[in-house]
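Enquirer: Structure in structure tokens, see below.
The values are calculated or read from the model by the stated rules, or taken from the named source; none is laboratory data. These figures come from a predicted structure and were not determined experimentally. Note: ideal-geometry Cβ built from the backbone for every residue, glycine included; neighbour counts use all protein chains shown. In case anyone asks, the SASA skips ligands and DNA or RNA and just uses the protein heavy atoms, side chains included. Shrake-Rupley method; radii C 1.70, N 1.55, O 1.52, S 1.80 Å.
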Amino acid sequence: MKQIIMTGPRKSKVIDVDIPKISRHQLLVKVTYTGMCHSEWYPWSTASAGDTYGHETVGVVADVGSEVKGFRTGDRVSGLGGGGYKEYIVMEPEKTCLVPANLKDEDAIVEPLACLLSAGQKMSPVLCGDRIAVVGAGYMGLGMISLFKAMGYGDIIAVDPREAARENALRFGAAEAYGTENLPVAYRLNWDTWGKPDLTRDGHAADIFNLGFRDVMEFSGTPEGLALAAELVCAHGRLGIGGYHNDGFRTVDMKLWNIKAMSMINCHERRISYEATLCRRALELLSKGIWKFTGVTNRIYSMEEFDLANEEMESKASGFIKGAVRCDR
């Protein structure tokens with residue numbers, strides 16, 4: 001079978017390897033698509049020879065272990081299956097879910113959807129109709145906007161420096177969309193709008209509870225996006241961090257974070273069994289039309305185009321939102 005491996009930074013090749021063997025408790029899955037995840041862009045750009053990636057897989061069951069129940073050859077499946085940039089992978093039944101018949105393969109790349117659902121649960125609205133700001137309107141930000149809409153948030157304010165991203169945000173449910181340069185002054189609580197820090201408990205010159213937002217979700221993955229998201233939080237508000245910040249350390253204005261008495265919620269998920277449950281629920285929500293987030297994967301690449309795919313994922317060339325590599329050759 002074919003597999004993508006790295007030969008060094010920003011350079012890969014397709015090689016021949018053996019089809020993996022399964023135990024009686026496992027599934028062999030012929031991969032249809034593996035989704036491109038921006039969390040792997042930095043590892044790709046700094047890769048060592050032999051590195052492999054891919055964790056957003058959807059495919060068809062090719063073989064079933066003798067002790068496995070609930071799956072049969074020919075089933076379309078998705079879930080949590082690593083090393084997905086190859087023609088066949090081994091999957092564990094407890095981390096695998098059946099794809100509903102009314103969903104396309106491209107819409108059933110479920111691992112990122114489970115991440116979004118986990119973040120949404122951590123940032124559920126306090127009251128139906130609450131407003132929230134979302135910083136970063138790439139694929140994950142758009143998924144978050146559409147999910148927040150389904151969860152009962154009211155006005156969703158999107159912030160992204162790219163015009164195309166702002167247009168997409170409005171299409172997926174945002175009420176307003178701004179670049180970083182034209183945000184209304186009342187949407188920020190920073191040192192300029194707060195004024196001199198007052199620790200005397202005698203009151204504030206600024207309305208610190210109504211400047212900014214009680215809830216802010218960050219999905220930019222950049223230092224600038226993280227800093228801006230923190231500025232949008234009002235006093236005693238919540239900042240959900242969903243962007244994957246894996247390209248270096250971050251320096252934040254802890255003085256501002258402290259004086260706001262704001263809460264920071266790490267919206268990533270490491271409980272694998274819970275995430276597998278979220279995979280199943282995400283597909284159910286899409287299938288029933290409750291979560292309207294389909295038709296978003298708009299770039300399909302061959303295995304030989306993997307490096308091009310990463311370059312276009314970073315540059316967002318030609319309206320790129322979400323890419324996937326076709327692996328069933």
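Enquirer: For A165, indicate whether it is more than 13 Å from A133 (Cα to Cα) and either of a type in the set (S, T, Y) or under 18 Å from the mean Cα position of the chain (by Cα) (or both).
Expert: Against the criterion (more than 13 Å from A133 (Cα to Cα) and either of a type in the set (S, T, Y) or under 18 Å from the mean Cα position of the chain (by Cα) (or both)), A165 qualifies.
Enquirer: Within segment 273-286, identify whether any single residue is among the polar types (S, T, N, Q) and crowded, with 17+ Cβ neighbours inside 10 Å, and answer yes or no.
Expert: no
Enquirer: Is there a residue in segment 242-251 that is open to solvent by less than 30 Å² (accessible area, probe 1.4 Å), of a type in the set (D, E, K, R) and more than 26 Å from L127 (Cβ to Cβ)?
Expert: No, because not a single residue in segment 242-251 is open to solvent by less than 30 Å² (accessible area, probe 1.4 Å), of a type in the set (D, E, K, R) and more than 26 Å from L127 (Cβ to Cβ).
Enquirer: Additional query: Sort out which residues of segment 106-117 are over 15 Å from T277 (Cα atoms) and open to solvent by less than 30 Å² (accessible area, probe 1.4 Å), and write them in order of number.
Expert: Scanning segment 106-117 gives a single hit, D107.
Enquirer: Could you please find all residues in segment 297-316 being of a type outside the set (V, I, T), open to solvent by 30 Å² or more (accessible area, probe 1.4 Å) and part of a strand (DSSP E or B)?
Expert: Matches in segment 297-316: N298, R299.
Enquirer: Looking only at residues that are among the aliphatic types (A, V, I, L, M) and within 20 Å of the chain's Cα centre (by Cα) in segment 168-195, which one is nearest to V296 (Cα to Cα)?
Expert: A169
Enquirer: Let me ask something else. Go over the candidates V99, V134 one by one and state the one that is open to solvent by less than 30 Å² (accessible area, probe 1.4 Å) and either under 14 Å from the mean Cα position of the chain (by Cα) or of a type in the set (D, E) (or both).
Expert: Only one candidate passes the filter, namely V134.
Enquirer: A further question follows. Within segment 178-210, track down each residue that is under 21 Å from A137 (Cα atoms), open to solvent by 80 Å² or more (accessible area, probe 1.4 Å) and aliphatic (A, V, I, L, M).
Expert: Scanning segment 178-210 gives a single hit, V185.
Enquirer: Would you check if E94 is charged (D, E, K, R), surrounded by 18 or more Cβ atoms within 10 Å (Cβ to Cβ), under 30 Å from R329 (Cα atoms) and in contact (Cβ under 8 Å) with a residue 24 or more places away in the chain?
Expert: In short, no.
Enquirer: How many of the residues in segment 154-167 are under 16 Å from G225 (Cβ atoms), assigned to a helix (DSSP H, G or I) and in contact (Cβ under 8 Å) with a residue 40 or more places away in the chain?
Expert: Number satisfying all stated conditions: 1.
Enquirer: Scan R329, R270 and give me the residue that is of a type in the set (D, E, K, R), in contact with a Lys or Arg (Cβ under 8 Å, 6 or more places away or on another chain), at pLDDT below 95 and not in a helix (DSSP H, G or I).
Expert: Exactly one of R329, R270 is of a type in the set (D, E, K, R), in contact with a Lys or Arg (Cβ under 8 Å, 6 or more places away or on another chain), at pLDDT below 95 and not in a helix (DSSP H, G or I), namely R329.
Enquirer: Here's something else I'd like to know. Select from segment 302-324 the residues that are free of Cβ contacts under 8 Å to residues at least 40 places away in the same chain and not acidic (D, E) and write down the one among them that is nearest to V31 (Cα to Cα).
Expert: Here the residue is S302.
Enquirer: Now a separate question. Within segment 118-131, which residues are surrounded by fewer than 24 Cβ atoms within 10 Å (Cβ to Cβ), touching a residue at least 60 places away in the same chain (Cβ under 8 Å) and not hydroxyl-bearing (S, T, Y)?
Expert: K122, M123, P125, V126, D130, R131
Enquirer: For segment 213-241, how many residues are in contact (Cβ under 8 Å) with a residue 60 or more places away in the chain and either small (G, A, S) or more than 16 Å from C267 (Cα to Cα) (or both)?
Expert: Of the residues in that region, 9 qualify.
Enquirer: For residues that are open to solvent by less than 40 Å² (accessible area, probe 1.4 Å) and among the β-branched types (V, I, T), scanning just segment 222-241, find the one that is nearest to Y187 (Cα to Cα).
Expert: V233
Enquirer: Can you give me the number of residues within segment 252-262 that are open to solvent by 100 Å² or more (accessible area, probe 1.4 Å) and either of a type in the set (G, A, S) or touching a Lys or Arg at 6+ places or on another chain (Cβ under 7 Å) (or both)?
Expert: Number of matching residues: 0.
Enquirer: Okay, next question. What do you reckon, is R250 out of contact with any helix residue (DSSP H, G or I) (no Cβ under 8 Å at 6 or more places or on another chain) and outside any helix (DSSP H, G or I)?
Expert: The answer is no for R250.
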